[in-house]
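The values are calculated or read from the model by the stated rules, or taken from the named source; none is laboratory data. Because the structure is a prediction, the values reported are computed rather than measured. So basically every Cβ, Gly included, is an ideal-geometry build from the backbone, and we count neighbours across all protein chains shown. We work out accessible area using only protein heavy atoms, side chains counted, and drop any ligands, DNA or RNA first. Shrake-Rupley method; radii C 1.70, N 1.55, O 1.52, S 1.80 Å.
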There are 2 protein chains.
Amino acid sequence: MDFKLLAELYETELLENIMPFWLKYSQDEEFGGYFTCLDREGNVFDTDKFVWLQAREVYMFASLYNKLNKNEEWLSCSIQGAEFLKKHGHDGDYNWYFSLDREGNALVEPYNIFSYTFATIAFGQLSLATGNKEYAEIAKKTFEVILTKVDNPKGKWNKAVPGSRNLKNFALPMILCNLALEIEHLLSPGILEKLIDDCVHEVLEVFYRPELGGVVIENVTLDGQLSNTFEGRLVNPGHAIEAMWFIMDLGVRLNREDIIKKAVDITLNMLDYGWDKKYGGIFYFMDRSGFPPQQLEWDQKLWWVHIEALISLSKGYQLTERPECLEWFGRLHDYTWAHFKDPEFPEWYGYLNRQGEPLLTLKGGKWKGCFHVPRGLFQCLKVFKNIADKIEIN
Amino acid sequence: MDFKLLAELYETELLENIMPFWLKYSQDEEFGGYFTCLDREGNVFDTDKFVWLQAREVYMFASLYNKLNKNEEWLSCSIQGAEFLKKHGHDGDYNWYFSLDREGNALVEPYNIFSYTFATIAFGQLSLATGNKEYAEIAKKTFEVILTKVDNPKGKWNKAVPGSRNLKNFALPMILCNLALEIEHLLSPGILEKLIDDCVHEVLEVFYRPELGGVVIENVTLDGQLSNTFEGRLVNPGHAIEAMWFIMDLGVRLNREDIIKKAVDITLNMLDYGWDKKYGGIFYFMDRSGFPPQQLEWDQKLWWVHIEALISLSKGYQLTERPECLEWFGRLHDYTWAHFKDPEFPEWYGYLNRQGEPLLTLKGGKWKGCFHVPRGLFQCLKVFKNIADKIEIN
């Protein structure tokens, strides 16, 4: 594989297609913040502002400014979104709403913990880019609120009868694995270490189940047991694979080869488990017992699943040089570029049917924004550049 | 069309395939109530008990006992489910939980108003079948609770910020149209008339929008205006078409030819609007502006949509003799029987992909139970018998 060429391909796509799309079409110059509901060509089809996606775009522009290049357009795009969020995104106590209208009026209550986690990484990265202490404070305070909510993230909006069947979910420890490194500069070493230890333990020892053939499941009981229920049988291969590159990053940070090796094993196993042998691509949801899942969209192919898997495979190869990583990367790269990239208009499709055809032609919506595609392209190009540099030196 | 043969086909399917399936596979003889998560062959794959489906099955067996034939097995099946619900289904104040575990312990809080509406028709029909006053009381009390919740059905679980963007939803007035006739024997005439007037007004004057080319939409503002938002643009053709046979029934009851004619017009228009011209079948969700809907399952073909449309078309033909009703009925009958009926095992599939292939092979689950298929077969056979009898007399 020509890693230099690959790095160029990913970098060109990021710099010439994806980031210009969001810079040009998503910024709301009248009220601030970003439009994310953008059709195939980039036209706005809905003006609601979803806090997940607002925060992720602030994060993305600041993060690439910090990590890739000091593009002032990126920085000012990030700042304008952050100012909108600072003003309208939370209730005054850093409880982050789920959605706002175009003007910034709150629409949906702060029931969703991931509005908080993405706000944290957004203001964390932007504080690094700007040195602005207010942004750092917002990130730190929001992180403190998250820690008070870990045991019951939905709070009063939780519809489970108390004490009935309390399950814990994989998504929060998984996201905290990533968040830990994104706001490392704001945390005291003690807190950071404990956070990392807890998250790695939860992901690799609790949600990863060797007795099921090495599958990561979405929900377990509070004491870590399997639950033979719809939620307890649920598998989301993309989630599991995404978490593995967070673990690999932590493995590098902690110099822990054991967890890197385990994360690569799980990546390869979950790909094999989640791959659609008939039409290609990775299923969205599965049931670990092979029963019908609740989710009607179970067989669809989603952009983020495939892009996150490209990251885990490229990092897995970089860190272990296992040939299976490269083989899987090749297969997935071909599928992803052939099906998700729109050959006619900028940005990528998000939602394909099982057969690999666009199910929705939108480029952004309520859940797809400026995040997985650019983050994935960036992570992969960084890996490929690194490998290519090493080869040149040798 | 040979209506006698059609009536026989629908009756045979109901009596020899569908009802025996639920009698045999769904009854929990150990804890009471019904299993509804049944795989293609009828095996239980999950034991949770969803109050919607428990109540609908109680209703279905009691209703067919009342309306079709005095089968004592049906009555005792209905009673055993009702006793389970009476004991476990509500909190003591007729707030009906959303789900229970197998033993009857409450799992999900009573946030969903349709648990209440289906409990009302269940106990209403069973009180008619048995003369049991306790059942009648449960239906009446639950109905009173519903009336207190009409303005904010989700109560404290409503995640919309108060005063932000309050929309009202089509489903509740639609269901109340049907509920009114199902519990007529329990209501005082004044209350019944007001309920009917309100519902017919909401459905035909508020959610039906002539200015959109005659489309029924799912959500409008509290004062009945269009809302250019995801929710405000949402169209669910199956919902709209189902409501039309409720309206036709009310039209017959009130002797109102005008609303019958309007309901038939809307049925035909919504079928044309919702029909998938490429693969056949009726779409699940659409956006009235043609924008991408939020629902990833938008292009799927659901059993209840097609069965409810068969009812509206057959009643529409019976009441108006319009040939378009019969043409559409023929097309839809062919699609439905060819794709939803399982040629090998009992009961019908519930979920097809856009192409018409089974997406899930389950016969029952969290949302599909003993309800739409038997109710639809019963309603159609009644219509066809009635038409065939009239033809014979002439």
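Figures for the structure shown
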quantity	calculated
Residue pairs, from the table A:Lys301/A:Lys363; B:Lys86/B:Lys141; A:Lys49/A:Lys87; A:Lys278/B:Lys341; A:Lys277/A:Lys382; A:Lys156/B:Lys86, whose Cα atoms sit over 21 Å apart	A:Lys278/B:Lys341; A:Lys277/A:Lys382; A:Lys156/B:Lys86
Sites B:Thr12 and A:Leu167, calculated FRET efficiency, Cβ-Cβ separation with R0 30 Å, nearest 0.05	0.10
About the Cα centre, charge dipole magnitude for segment A:317-368 (Lys/Arg +1, Asp/Glu -1 at Cβ), debye	280
Under the Karplus curve 6.51 cos²θ - 1.76 cosθ + 1.60, θ = phi - 60°, whole-Hz ³J(HN,Hα) for segment B:178-188, x wherever Gly or Pro sits	6, 4, 3, 7, 6, 10, 3, 5, 9, 9, 6
Summed buried accessible area for B+A [probe radius 1.4 Å, Å², rounded to 100]	3500
Volume of the Cα convex hull of the protein assembly as shown, divided per residue and given in Å³	161
Potential extension, B:Lys156-B:Lys87 segment - 0.36 nm per residue separation minus Cα distance	22.4 nm
Shape call, segment B:27-159: gyration tensor on alpha carbons, a/c limit 1.5	oblate
Those trypsin sites (Lys or Arg not before Pro) in segment B:277-385 that DSSP places in a loop and that have at most 11 other beta carbons within 10 Å	B:Lys277, B:Lys278
Gain upon complete extension [A:Arg253, A:Asn43; 0.36 nm per residue less C-alpha separation]	71.5 nm
Long-range amide H partners of B:Ser99 with built H, under 5 Å	B:Val51, B:Leu107, B:Val108
Label point distance in nm, B:His201-B:Ser289, each placed 7 Å from Cα along Cα→Cβ	3.0
Segment B:1-37: GluC sites (Glu not before Pro) in DSSP coil with no more than 12 other Cβ atoms inside 10 Å	B:Glu29, B:Glu30
Peptide-level mean, for B:93-106, of C-beta atoms on other protein chains within 10 Å	2
Euclidean distance of C-alpha centroids, segment B:135-174 and segment A:1-75, integer Å	41
Nm distances between copies for B:Leu326, ranked from closest, using label points 7 Å along Cα→Cβ	7.1
Projected area, mean over directions - segment A:166-394, Cα convex hull, nm²	14.0
Rel. contact order, % - alpha carbon contacts under 8 angstrom, at least six apart, segment A:27-159	23
List of segment B:25-73 residues, accessible area with partners at least 50 Å² below that of the chain alone (1.4 Å probe)	B:Phe45, B:Asp46
Estimated FRET transfer efficiency when R0 is 25 angstrom, pair A:Glu103-A:Leu147 (beta carbons, to 0.05)	0.20
Point-to-point label distance, B:Glu134-A:Leu326, nm (Cα→Cβ direction, 7 Å offset)	7.4
Rh (Kirkwood; distinct C-alpha pairs) - segment B:174-290, Å	14.9
Sorted largest first, extent of chain A alpha carbons per principal axis (Å)	56, 51, 43
Rh (Kirkwood; distinct C-alpha pairs) - segment B:72-224, Å	16.9
Accessible-area composition of segment A:27-159, carbon plus sulfur, in percent [1.4 Å probe]	44
Inter-copy label distances at B:Pro20 (7 Å, Cα→Cβ; nm, one decimal)	6.8
Signed unit charges on C-beta, dipole axis of the protein assembly as shown, positive-most listed residue A:Ile307, A:Leu176, B:Gly251	A:Leu176
Average other protein chain Cβ within 10 Å of Cβ, residues A:148-161	3
Burial order of peptide ranges B:111-121, B:129-139, B:250-260 (average beta-carbon count within 10 Å, highest first)	B:111-121, B:129-139, B:250-260
Accessible area in square angstrom per residue, the protein assembly as shown, 1.4 angstrom probe	38
Overall form of segment B:324-388 per C-alpha gyration tensor (a/c, 1.5; a/b vs b/c)	oblate
Shape category assigned to segment B:267-394 from the gyration tensor of Cα positions, a/c cut at 1.5	oblate
Accessible area of segment B:166-394 belonging to carbon and sulfur atoms, whole % at 1.4 Å probe	50
Cβ neighbours within 10 Å from other chains - mean over A:355-361	3
Of A:Asn178, A:Asn158, A:Asn166, the one that fluctuates the most in a GNM where chain A has Cα springs shorter than 10 Å	A:Asn158
